[in-house]
Amino acid sequence: MQKRKIMNKMFALMLAGVIAAPFGMGYVKANNHGDKPYTLYYNGNGGDVSTGKREKQDDSYVYIKHMGNVGARVSVRVSGYSGNYTGMNGSGSYVSVPLGKGYKIANYVAESFPSDYRRGNYKMIYLQLSPETHSSTTLHGWWSPDSI
């Protein structure tokens with residue numbers, strides 16, 4: 001009798017686990033949200049400077065935390081394709097990022113080339129920074145192609 005009660009309790013626990021499992025486990029989407037540092041020398045010539053390329057893995061915002069003493073305007077660029085992909089609706093403008101604070105940049109990289117993007121094309125992106133000064137300086141901070 002005691003053995004039967006234990007078996008019934010074990011069965012009830014297993015059944016409860018099977019029923020509850022789909023509701024308790026959230027879907028987790030992996031992406032490339034790890035922040036990596038950038039340090040870019042700007043010679044003051046009025047041009048822009050660019051970060052290294054990183055893979056964009058989903059349609060989330062690009063994240064940047066721009067540090068230092070010089071502000072910058074930033075655009076999202078796609079390797080292998082000309083154009084600016086900053087903005088939600090294709091405006092393609094540079095955005096001013098607040099100095100010393102984390103900032104998420106809306107972009108439409110994944111949405112611009114849906115079939116190519118699903119096949120793995122146009123996933124390498126980089127940031128183009130336009131300093132708010134025309135004096136030589138070093139721009140630095142952290143960025144990630146995807147955000148959480």
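Residues in region 124-148 that are open to solvent by less than 40 Å² (accessible area, probe 1.4 Å), within 16 Å of ASN31 (Cα to Cα) and in a loop (DSSP other than H, G, I, E, B): PRO145, ASP146, SER147.
Filter region 43-59 down to residues that are polar (S, T, N, Q) and under 19 Å from VAL95 (Cα atoms) and give me whichever is least open to solvent (accessible area, probe 1.4 Å). Ranking the candidates gives THR51 first. Applying the set (1) at pLDDT below 90; (2) under 12 Å from the mean Cα position of the chain (by Cα); (3) in a loop (DSSP other than H, G, I, E, B) to ASN69 leaves exactly one unmet item: (2).
Here's the yes/no breakdown for (1) among the aromatic types (Phe, Trp, Tyr); (2) open to solvent by 50 Å² or more (accessible area, probe 1.4 Å); (3) in contact with a Leu (Cβ under 6 Å, 6 or more places away or on another chain):
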{"position": "TYR41", "(1), (2), (3)": "yes, yes, no"}
{"position": "TYR61", "(1), (2), (3)": "yes, yes, no"}
{"position": "SER79", "(1), (2), (3)": "no, no, no"}
{"position": "ASN84", "(1), (2), (3)": "no, no, no"}
{"position": "VAL95", "(1), (2), (3)": "no, no, no"}
{"position": "TYR108", "(1), (2), (3)": "yes, no, no"}
{"position": "GLU111", "(1), (2), (3)": "no, yes, no"}
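Here is the figure for region 23-59: residues that are at pLDDT 90 or above, among the polar types (S, T, N, Q) and within 15 Å of the chain's Cα centre (by Cα) total 1.
Taking the criterion of being of a type in the set (Lys, Arg), at pLDDT 80 or above and part of a loop (DSSP other than H, G, I, E, B), the only residue of region 83-122 that qualifies is LYS101. VAL74 meets each of the listed conditions (1) open to solvent by 20 Å² or more (accessible area, probe 1.4 Å); (2) closer than 13 Å to GLU132 by Cα apart from (1).
The values are calculated or read from the model by the stated rules, or taken from the named source; none is laboratory data. Fair warning: this is a prediction, and the values are worked out from it, not measured in the lab. Glycine gets a Cβ as well: all are built from the backbone with ideal geometry, and neighbour counts include every protein chain shown. Protein only, heavy atoms only, side chains kept; ligands, DNA and RNA dropped before computing areas. Shrake-Rupley method; radii C 1.70, N 1.55, O 1.52, S 1.80 Å.
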